[in-house]
Amino acid sequence: QVQFVESGGGLVQPGGSPTLSCAASDSRFTAYRMGWYRQAPDKERELLADMTRSGRTNYAESVKARFTISRDNMKNTVYLQMNMLKPEDTAVYYCNANTINGDFWGQGTQVTVSS
């Protein structure tokens, strides 16, 4: 089972640019497709971005111009750089690992965009 430690959330002012981090416990991290999702109150969890083991990325249209996913395989960590945050970006953000043994999720980190 893969475990994660997420960090980087909190209260952010509109227009802010925080970076979320997700550190995996598993050295097989390099083999996983990693993704970031979010879930706002009363909404379904949605995929924001993911990155394959080879570095190919995929983004939701709603965040494509503002968010960037990256990974550091030496640190077993995936990042989500978020720019120009808006109040509607308020949600719990989750990292995800897609593995041959199934999907594994981080515990989630709350991001609240408010002045």
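Listed conditions (1) of a type in the set (Val, Ile, Thr); (2) at pLDDT 95 or above; (3) under 30 Å from SER115 (Cβ atoms) are all met by VAL5, apart from (2).
Looking at SER7, SER54, just one residue is of a type in the set (S, T, N, Q), on the phi < 0 side of the Ramachandran plot and in contact with a strand residue (DSSP E or B) (Cβ under 9 Å, 6 or more places away or on another chain), and that residue is SER7.
For ALA31, the requirement of being closer than 17 Å to VAL2 by Cβ and surrounded by 20 or more Cβ atoms within 10 Å (Cβ to Cβ) is not met. Of the numbered criteria (1) without any contact (Cβ under 8 Å) to a residue 24 or more places away in the chain; (2) under 14 Å from ASP26 (Cα atoms), the one GLU61 fails is (2). One residue alone among SER27, SER17, SER21 is under 18 Å from THR112 (Cα atoms), free of Cβ contacts under 8 Å to residues at least 60 places away in the same chain and among the hydroxyl-bearing types (Ser, Thr, Tyr), and that residue is SER21.
GLY102 meets the conditions (1) open to solvent by less than 60 Å² (accessible area, probe 1.4 Å); (2) over 26 Å from SER115 (Cα atoms); (3) in contact (Cβ under 8 Å) with a residue 40 or more places away in the chain in every case but one. The failed one is (3). Taking the listed residues LEU80, LEU11, LEU47, the one that is in contact (Cβ under 8 Å) with a residue 12 or more places away in the chain, touching a Ser or Thr at 6+ places or on another chain (Cβ under 8 Å) and either among the β-branched types (Val, Ile, Thr) or surrounded by 14 or more Cβ atoms within 10 Å (Cβ to Cβ) (or both) is LEU80, with no other qualifying. Of all residues in the stretch 83-97, those that are surrounded by 14 or more Cβ atoms within 10 Å (Cβ to Cβ) and out of contact with any Gly (no Cβ under 6 Å at 6 or more places or on another chain) total 6. So for the stretch 98-108 (the condition being in contact with an Asp or Glu (Cβ under 9 Å, 6 or more places away or on another chain), among the small types (Gly, Ala, Ser), under 12 Å from VAL2 (Cβ atoms) and at pLDDT below 95), does at least one residue qualify? So far as the stretch 98-108 goes, yes, one or more of its residues are in contact with an Asp or Glu (Cβ under 9 Å, 6 or more places away or on another chain), among the small types (Gly, Ala, Ser), under 12 Å from VAL2 (Cβ atoms) and at pLDDT below 95.
The values are calculated or read from the model by the stated rules, or taken from the named source; none is laboratory data. Keep in mind the model is a prediction, meaning the values are calculated, not measured. Cβ: placed from backbone, ideal geometry, glycine included. Neighbour counts: every protein chain shown. Note: areas computed on protein heavy atoms with side chains; ligands, DNA, RNA excluded. Shrake-Rupley method; radii C 1.70, N 1.55, O 1.52, S 1.80 Å.
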